[in-house]
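The values are calculated or read from the model by the stated rules, or taken from the named source; none is laboratory data. Not measured: the values here are computed from a predicted model. Heads up, the Cβs are rebuilt from the backbone with ideal geometry, glycines too, and the neighbour counts pull from every protein chain shown.
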């Protein structure tokens, strides 16, 4: 069995919960972190079903809190090594840019971008000491392609992509790999709780939002099983060869990215706006 240690942020639900399970099944000791440990019950129950509850250590961590990050870092010294970090904690803020405040943009970045940097910097000294490690950042198709009504979320994921590219080049000489997972639409809680994705009759974008919500609702039947993403994370964490920088995953995602690289933006925007009735 693998005696290595993995850290997963945002593990109370969705991709994070499933990543914890898949890594534990691979033999990792998993430090499962979440903002509210009272929400750990579903993960604990699933771990017991699979007989891996002894491989999982649950810890409180708010990635947007400096005090929480500091406390988290002090507990890492109790482990022989930190071999894998899965930066999964994230929130999704919807709404058209003009309808959002700068403070709402800042809150989006606090978790999805600055939170990743804070946790990564807390873990890096332990990886550098061992001259090995894998950092897996949970990005999104929105990190490669901006969609209407998701500017704050897309901006935070684009920032994560640029940060991860630079970080990979910085850490290669230390034997540490950085990888981006870029899922499309999956059946996770983040999309059932997108804040501000609602029709505001007073907004000049109300009809646009109605069309957008209709498109999102109509596409739910094509949302993938999030276990696919968790299995990919476990595979990247445990494979012997150095992983790629990017792993797009989900129905139609590779095709979408290929078309973006091939077609002029004018053509792409015409197709998207027509589909949304604009």
Return the residue satisfying two criteria in turn: it lies in region 42-82 and is within 23 Å of residue 14 (Cβ to Cβ) and either modelled with pLDDT under 95 or out of contact with any helix residue (DSSP H, G or I) (no Cβ under 7 Å at 6 or more places or on another chain) (or both), and of such residues it is surrounded by the most Cβ atoms within 10 Å (Cβ to Cβ). 68
Residue hits (region 4-20; surrounded by fewer than 24 Cβ atoms within 10 Å (Cβ to Cβ) and in contact (Cβ under 8 Å) with a residue 40 or more places away in the chain) are 4, 5, 13, 14
Helices (runs of 4 or more DSSP H) contained entirely in region 1-117, each with at least 2 residues that are more than 21 Å from residue 232 (Cβ to Cβ) and in contact with a strand residue (DSSP E or B) (Cβ under 9 Å, 6 or more places away or on another chain): 66-75, 102-109
Which numbered condition in (1) under 18 Å from the mean Cα position of the chain (by Cα); (2) surrounded by fewer than 19 Cβ atoms within 10 Å (Cβ to Cβ); (3) closer than 21 Å to residue 237 by Cα is the only one that residue 125 fails? (1)
Residue count for region 157-206, restricted to those that are in a helix (DSSP H, G or I), within 27 Å of residue 252 (Cα to Cα) and modelled with pLDDT of 85 or more: 10
One residue is enough: does region 216-234 have a residue meeting the conditions assigned to a helix (DSSP H, G or I), within 16 Å of residue 273 (Cα to Cα) and either out of contact with any strand residue (DSSP E or B) (no Cβ under 8 Å at 6 or more places or on another chain) or without any contact (Cβ under 8 Å) to a residue 40 or more places away in the chain (or both)? yes
